[in-house]
1. Name the trypsin sites (Lys or Arg not before Pro) in the stretch 41-83 that are in a loop by DSSP and that have at most 12 other C-beta atoms within 10 Å, would you?
2. Below 15 Å, Cα to Cα, which aspartates and glutamates can K4 reach? Residues fewer than 8 away in the same chain don't count.
3. Express in nm, to one decimal, how much length is gained between N38 and Q77 on full extension, taking 0.36 nm for each residue of separation and deducting their alpha carbon distance.
Amino acid sequence: MFIKSRLHHEFASHYFWLGATDQFRSDKKWYWVQTEQNIKTGYSDWYRTEPDNPGKQHCLAMRKDFHYQCSNDHCNQMFGYICERPLLLLTSAQL
């Protein structure tokens with residue numbers, strides 16, 4: 001929900017890569033590229049018609065025209081991207 005709210009209000013791009021694919025394994029499940037972890041069995045924030053075109057669209061994206069729900073797209077598209085970073089915890093002295 002945090003990412004969706006930021007995309008709705010702060011960014012000009014309408015399409016973003018999320019860093020997951022179904023391309024590298026034969027089980028047709030989606031995995032994060034960086035960690036190779038399954039993105040969750042039964043992931044439920046797909047746009048209503050997604051994922052579609054199995055075997056042809058292998059990269060996970062968020063699209064404005066899909067209300068920033070997830071979709072699968074062709075990996076050669078020139079989309080913006082969203083990166084994961086470690087959570088920065090501030091001490092009370094830093095606040």
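1. Numbers: sites: R48, K56, R63, K64; in loops: R48, K56.
Here the sparse-neighbourhood loop sites are R48, K56.
2. Correct list for K4: D45, D65, E84.
3. Length gained between N38 and Q77: 11.7 nm.
Throughout, read-outs are computed from the coordinates displayed, never taken from laboratory work. Note that the structure is a prediction, hence the values are computed from the model and not measured. Reconstructed Cβ throughout: ideal geometry from the backbone, glycine too, with neighbour counts over all protein chains shown.
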